[in-house]
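Reading through the structure tokens given below for one structure.
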């Protein structure tokens, strides 16, 4: 089960990077996210797996699809193969991957090579995560909610139609073709 | 399945995301690759939560998902604003802040 989900997740990630059309990239990312949700289930994180599918693969990806459809999914050429970054980027990523693997496999943490301790049936359930969120992590929770509010307001301000300040003050009709 | 497998997978996904951010030119795809990297971080956090047997790591992952949503919203807002101003949708050409 792990290997099926892992291969799917890696294929989805490679698809995001390699596919030319941004629309197909978004669809590859959806497949990647669903495979990751399976991995979360294997790690006994039921609530997060459900949130991953519903919020991420559902809502956030719909936002992406809308924007890709809005600006038009034009196919782009890759960065020139002869360019400095074009050749250096994958090399850097491969070096970092090897380094991380050495760090993980050579770690002194014994528990990394185990399946983890036995946990009760309620591990990762919404009840447990919610109790932690509202008791121990209340301040980060509130900060995250304010961050969401600020981000929503900021996105509206950024993407607003503006043709000079006086017009935006006068509230030009929103349904105008554009 | 050992926790180390999950960590290695998370490292690979993170590196694929880095390669994408460095090589792609469409800002939409760059945002998608940032999502990949955040998800790799999430996977590592949840794997460590399983390793410790505590759910705190899952709360961290939930907060990371919130941050990712904020980043997507602001990033897509910027891209829509670029499109409205008839600017090229290409990170190589967009190298200055002046709007």
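All of the numbers you see were taken from the coordinates with simple rules; none came from a lab. Only a predicted model underlies this, so the values are computations on that prediction, with no experimental measurement involved. Ideal geometry is used to build each Cβ from the backbone, glycine not excepted, and the neighbour counts take in all protein chains shown.
Key figures for this structure:
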| quantity | calculated |
| --- | --- |
| Length added when fully stretched, residue A:160-residue A:7, from 0.36 nm per residue minus Cα-Cα | 51.0 nm |
| Residue-averaged beta-carbon neighbours from other chains (10 angstrom radius) around A:109-120 | 5 |
| For the stretch A:98-152 versus the stretch B:17-74, the gap between their alpha-carbon centres in whole angstrom | 12 Å |
| Average partner coverage of A:47-54, which counts Cβ from other chains inside 10 Å | 3 |
| Convex hull volume per residue in cubic angstrom - Cα atoms of the stretch B:3-84 | 55 Å³ |
| Descending principal axes extents, the protein assembly as shown, alpha-carbon based, whole Å | 63, 49, 27 |
| Sites residue A:24 and residue A:149, calculated FRET efficiency, Cβ-Cβ separation with R0 30 Å, nearest 0.05 | 0.35 |
| FRET efficiency for residue A:119 and residue B:1, using Cβ-Cβ distance with R0 set to 22 Å, rounded to 0.05 | 0.90 |
